[in-house]
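Working notes for the structure below.
The values are calculated or read from the model by the stated rules, or taken from the named source; none is laboratory data. Every value quoted in this text rests on a predicted model; they were computed, and no experiment measured them. Every residue, glycine as well, gets a Cβ built from its backbone with ideal geometry; the counts of neighbours run over all protein chains shown.
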Amino acid sequence: MSADAPDPAAVWADAALAVELLAVDPFALGGVLVRAWPGPPRDQLCTWLRELLPGPLLRLPLHITEDRLLGGLSLAATLRTGRVVAEQGLLAQADGGAILAAMAERLEPQVTSQLCAALDRGELTVERDGITAAAACRIAVVALDEGIEDERVCEALRDRLALHLSLTELPPGSAAQEAPDPARVERGRALLSQVELDDEVAEVLCQTALALGIGSLRAPLLAARVARLHAALEGRTRVEDPDAAAAARLVLGPRATCVPELDEEQSEQPPAESEPESEPDDTTALEPPDSSEKTDPKKSAKPPLEEIVLEAAKSAIPAGLLDALALGQAPRSSPRSAGQAGALRSSTQRGRPAGVRPGLPEGDKRLNIVETLRAAAPWQQLRRRERQDARPAGVQRVEIRKDDFRITRYKQRTETSVIFAVDASGSAALQRLAEAKGAVEQVLADCYVRRDHVALIAFRGTGAALLLAPTRSLVRVRRSLADLAGGGTTPLAAGIDAALSLALDARKRGQTPVLVLMTDGRANVTRDGGEGRAKAAADASASARAVRLAGVRALFLDTAPRPQPPTRLLAAEMGARYLPLPYLDAVGISRQVQSLVEAP
Amino acid sequence: MRNVPLFPFSALLAQDELKLALAVAVVDPSIGGVLVFGDRGTGKSTAVRALAALLPKMQVVAGCPYQCDPAEDGAGCVACSLVKASGGVRTAIEAPVPVVDLPLGATEDRVVGALDLEAALTRGERAFAPGLLARAHRGFLYIDEVNLLPDHLVDLLLDVAASGENVVEREGISIRHPARFVLIGSGNPEEGELRPQLLDRFGLSLDVKTPQDLATRVEVVKRRTAFDRDPRQFVEEFAAHEAALTARLRDARLRLRDVTVPDAVVERAAALCQALGTDGLRGELTLIRAARAAASFDGELTVGEHQLKRVAALALRHRLRRNPLDEAGSTVRVEKAVAQVFAN
């Protein structure tokens, strides 16, 4: 039932269908999230969209500035004409069409929020640089997700895009059998306002969403919209089974966070109860009951709608989810832990604006154009009069002199990323793990006040797992900490390696990483996951030296009941401050982290 | 320019606490704003934006850029003072209560107001272009994703909201104008939290959750689908509800000054704050004010204990001395304290 090897023809058909749906009413659907690498299938999809969308498909550059996105003062025109000239941003230009965001997983959080706001409101209000403007902005977003591993499109945006597609499993060279049909789109547009959706369908869509563990209410809402649009495409004025199934496949399945129970248990669920009370006439009218005998153990005539919908949704459950479930990882946390908001946000923070002052834009000082214009504005008539002879009449340029220049000051605030690497193995865990958790929570409380980013790595068994990418959301940290279970062997080297690579990533983003390692230091698994205490210890000390070499600040919390000298040695190799946990309470640990953060 | 109507407030399902909080803020704007945190897609923004359509109209001075109240003397307002000084008469007209959306990416000059660039460039005049704070005077200022707003803007907004006056000192302009508004902030804690220092600057706070029961969810989907199909007709269907709610809000505002708070209720409120160990008097004051507004909204002239109970969590949950990691804990703590205080 899983989708480990999807049929290419089916994938292409869904892609074409998604384009048709989106073309009927882009704004209603929010857009489409496409998981795809750059390549012919993705290009094909974009070509289709460009041909069929009722408006433009505008590319969103990854690092677009806010003034280009929202619009604002047009500097060239303002300087040329001597009066304030506003300029439209990309969002307003895309009205009626869609914004194409490649590498959507790397979009800056501000940009994502702007997209979400536009999707929610369908209009754009701009209050920037002395300009107040409002414009219609009924757009859809085509988000191309190329994320690998933990990189994901921000949850807020994913939630708002109705259709989720994956083109990554298409074999090379596969091509679409059928292109989307403009005539169907036309028909869809004409019919849409008449399409009715029975209460039963709404109920089944809601049930299915709950059964798949989808918490957001937007999912069933968008599924209902897709069902209506699909019916319109097919030339129907009432939503029928195939429409609901398409909605489940395109909207609900890809959002699943758990796999619903098998059919045996289904009869206990409310769907079966609600079935008899629904009107029998409209359900039987949909499909001839005697077409062919369905191999349904429960109902004889035809599978009830909820089964059709659930099956359709299941066919689209991402393969990764099933793998995660098989491995026993918490299913809820895997799609959620995608909390990149924190990590992404940091990439743009190069200090925050801290006022404007006169000065020349040299070096890293940035010219503040609007304030410069403001400074120059009151003098324009005077200056024009002074220069009257030199200029032909009628041309009113803004004259800016050296004294007018204003530069924005930025307050450079280095951000800290505190990376916890917690030994959750049997030797350390159980009795100490609770204590370690308490210590982490105390440190977190301080991080919260300082607005630090926090990441959490746990190691046990054969390797280390990133439980939480750097985030500022303490709610999330707390949740993953609570889920942290103990037991198993101690892959210390893997744990240190994982923490170091995260620390180096943080440094690349301009943050100061601080590593907090909590372990009893008794490594018994080698870096490659093998057995052997001696080799494991050697690997661990090699990893520790790498930390020192990288110059990452570290705190080594020894969680052993009786601290041993070798552990202290390991901490020294790491260049870490060594603290045996038994002699410290949570507050003391937190103070140590604080002093590490603040050390020059 | 909006050709599609907004989803009506009275058609929103569940979220009773959110509706109560907004109603309380409308009835008594001095309560100090509402902070709405919660899951995605719970209708936070929809509710706040729909509120605009409900608000009873107000009287303003014609031509005043700050929508001054004709009943006040206008001493704090530059425009009104000018009219008075020149011996003119201020005429009153009816205007909608402003619900100003602070768009993401708004710059400081447009929020507080600044030198009018157009006038300066073309006419060489040094004029003041009022910002969003001026437009929000006597109304509501809504900030979606308040947790993503730059810190210096949040500070500025809270400062103005607390003082009721906007003081502008920039590029040679020195001006002050009244700016009393109800600040409504919303956000999703998973995308970054609000600085803890800012939490208790809001009068009321609440967490909205996605309804989990099937019946409510189905009804939400049904209503929204009906709205999608024919927004105008849907709005028409709820027009009577909306009008009734508007009338109820208007009556509640008029009634508010006559609503009395019995000593017993004040004592209960004090006991509640004591049990919870809230810092300062602000919590207690807000609690009583909110209960009073709730009573007025219920059409009563005396505050009862049930109103106190209903608003206790709204007014207090963000004022507890907290463990910042405690996500749902504060609501539970307030509920426990309520049960305890009202038991004896």
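Computed values, structure above
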| quantity | calculated |
| --- | --- |
| Test: residue in the stretch B:253-276 that is under 17 Å from the mean Cα position of the chain (by Cα), buried (at least 21 other Cβ atoms within 10 Å of the Cβ) and within 20 Å of B:Leu51 (Cα to Cα) | no |
| Members of the stretch A:579-591 that are in contact with a Leu (Cβ under 7 Å, 6 or more places away or on another chain) and part of a helix (DSSP H, G or I) | A:Leu581, A:Ile589 |
| Check on A:Ala540, in contact with a Leu (Cβ under 7 Å, 6 or more places away or on another chain) and either more than 14 Å from every other protein chain (Cβ to nearest Cβ) or crowded, with 19+ Cβ neighbours inside 10 Å (or both) | yes |
| Considering residues of the stretch B:16-32 that are farther than 17 Å from B:Leu54 by Cα and crowded, with 23+ Cβ neighbours inside 10 Å only, the residue nearest to the other protein chains (Cβ to nearest Cβ) | B:Gly32 |
| Selected residue (criterion: nearest to the other protein chains (Cβ to nearest Cβ)) from residues of the stretch A:484-504 that are surrounded by fewer than 23 Cβ atoms within 10 Å (Cβ to Cβ) and out of contact with any strand residue (DSSP E or B) (no Cβ under 8 Å at 6 or more places or on another chain) | A:Ala485 |
| Condition check for B:Val61: crowded, with 21+ Cβ neighbours inside 10 Å and under 21 Å from B:Ala25 (Cα atoms) | no |
| Filter result (touching a residue at least 60 places away in the same chain (Cβ under 8 Å) and either over 30 Å from B:Val208 (Cα atoms) or more than 14 Å from chain B (Cβ to nearest Cβ) (or both)) within the stretch A:188-217 | A:Gly188, A:Arg189, A:Leu192 |
| Any pair with Cβ under 6 angstrom, 6 or more apart, that starts in the stretch A:502-514 at a residue that is over 19 Å from A:Val593 (Cβ atoms) and ends at one that is surrounded by 17 or more Cβ atoms within 10 Å (Cβ to Cβ) and of a type outside the set (Asp, Glu) | A:Arg509/A:Ser346 |
| All positions within the stretch A:562-575 that are touching a helix residue (DSSP H, G or I) at 6+ places or on another chain (Cβ under 7 Å) and either under 16 Å from A:Gly495 (Cα atoms) or in contact (Cβ under 8 Å) with a residue 40 or more places away in the chain (or both) | A:Leu570, A:Glu573, A:Met574 |
| Qualifying positions in the stretch A:47-98 - without any contact (Cβ under 8 Å) to a residue 24 or more places away in the chain, within 12 Å of another protein chain (Cβ to nearest Cβ) and not in a helix (DSSP H, G or I) | A:Thr65, A:Val85 |
| From B:Ala129, B:Ala119, B:Ala136, residue being more than 7 Å from chain A (Cβ to nearest Cβ) and either on the phi > 0 side of the Ramachandran plot or without any contact (Cβ under 8 Å) to a residue 40 or more places away in the chain (or both) | B:Ala119 |
| Scope the stretch A:118-138; condition surrounded by fewer than 23 Cβ atoms within 10 Å (Cβ to Cβ) and either in the same structural domain as A:Arg218 (by TED's automatic domain parsing) or touching a Leu at 6+ places or on another chain (Cβ under 6 Å) (or both); matching residues | A:Ala135 |
| Residues satisfying the stated conditions in the stretch A:29-43, i.e. away from chain B (no Cβ under 14 Å), buried (at least 19 other Cβ atoms within 10 Å of the Cβ) and part of a helix (DSSP H, G or I) | A:Pro41, A:Arg42 |
| Within the stretch A:99-187, strands (runs of 3 or more DSSP E) holding 2 or more residues that are within 18 Å of A:Arg35 (Cβ to Cβ), more than 10 Å from chain B (Cβ to nearest Cβ) and of a type outside the set (D, E, K, R) | A:140-145, A:163-166 |
| Filter result (in a helix (DSSP H, G or I) and either over 13 Å from A:Asp129 (Cβ atoms) or in contact with a Cys (Cβ under 7 Å, 6 or more places away or on another chain) (or both)) within the stretch B:78-120 | B:Val78, B:Ala79, B:Cys80, B:Ser81, B:Leu82, B:Val83, B:Lys84, B:Ala85, B:Val112, B:Ala119, B:Ala120 |
